[in-house]
Each structure stands twice: as structure tokens, then as C-alpha cells.
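Below is one structure; the comments refer to it alone.
Read the figures in this text as sums done on the coordinates, not as results from a lab. Since we're looking at a predicted model, the values are computed, not measured. Cβ atoms come from the backbone with ideal geometry, glycine included; neighbour counts cover every protein chain shown.
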Amino acid sequence: MLISAHPVSVDAKGRVSIPARFREHLSATFGDQVILLGKDGCIFVYPVQEWKRKFSEKLKELSTSSKEVRRTLRRLYGRAESCEFDRQGRILLPAKLRSNSSIEKDAVVAGIENRLEIWDKAKWNEEVGDVEDGESGAAEEESAEDLIEFEF
């Protein structure tokens, strides 16, 4: 399982080093190939197996006679990029995905169960409420912790 968040830097070529504990888990469990998808102001990083389980297997059952299904398929697959870890444990974040997610130099890699999310550091801090200098982030919303009853 992927959990926690780690600050990282994006190099001049648009590569980001994935923290070793994430890389080791992904490589051992899923291999070195991942699918990148820009969503929610960040970049989602799915192991190929998870991408297939979450999207491909479900979407291939839908009828492509529906215009909405075709549009959804185009959006999902058209925005996705395939890549793999290099020898130094980095992945290349395509310029289009970096731009759409406002990722420049300082970023955060967060483990979210079965995927990674890569955020611009300032946007991450706003998203999770860690805004510096006492500034408030986006308008207060009810958090999932308030909506979901957890048992410990």
C-alpha cells in the first residue's frame, strides 16, 4: 500500500525522482511501467495493472455506440501518458501534464493507496490545509473524515 507524502524536485528535463519506498513497492508489486493522467490539478501515477483494473477492464465493456462513452474514452486515454522508471528511479513528467498541474520545480509525491499523486508543492499544501504563514486555503469544505465513519 502506498501512503505518506514526500517533497521532491523536478529537474530541468521535467523528471522527478520517486521516493525509494514507493518505487520499491511499485516495482515489486506491479513492475516499472506506469500510466500518468492529469486530474484534479495534479498528476495521477497508476501502475499499468491498476490502470487496467480500474479503467480498461471496465471501459471495454461499455458500448461505443454511445457518444458519451466515446467522449469519455477519448478524454481518459487522450490525456494519459505511458512511461517507466529510469535507472535512477525517476519518471519523466510530460510538459503538457506539468503545465496543466502547475508543476514547475518544487513538487510533492503522495502515496494514495494504489497510485501516486504528484502535486505542485504550494497546491498540495492548499489541498491538505498545510498553508504557510497562517493563510487559509480554499473555502472550508466538509472533509471525508467528517463524512465517513472510521473504525480503529
>> For Cα pairs less than 8 Å apart in space and 6+ apart in sequence, what is the mean separation divided by the residue count of region 1-115, i.e. the relative contact order in percent?
In response: 49 percent
> Extent of region 2-133 along each principal axis, from alpha carbon coordinates, in Å, largest to smallest?
Replying inline: 51, 34, 27
> Which one of 32, 130, 120 has the biggest mean-square fluctuation once the chain is modelled by GNM with Cα springs under 10 Å?
Replying inline: 130
> Could you work out the helix-only [θ] at 222 nm for the chain, with each DSSP H run of four or more residues adding -39,500 (n - 2.57) and the total divided by the number of residues, to the nearest 500 deg cm²/dmol?
Replying inline: -8000 deg cm²/dmol
> Lysine pairs in the chain with alpha-carbon atoms under 24 Å apart, 8 or more places apart or on different chains: how many are there?
Replying inline: 25
> region 85-108 to region 25-77: how many Å between their Cα centroids?
Replying inline: 18 Å
> Packing-wise, with mean Cβ within 10 Å as the measure, how do 67-78, 85-96 rank, highest first?
Replying inline: 85-96, 67-78
>> Assuming 0.36 nm per residue, please report the length gained on full extension of the stretch residue 73 to residue 125 beyond their Cα-Cα distance.
In response: 15.6 nm
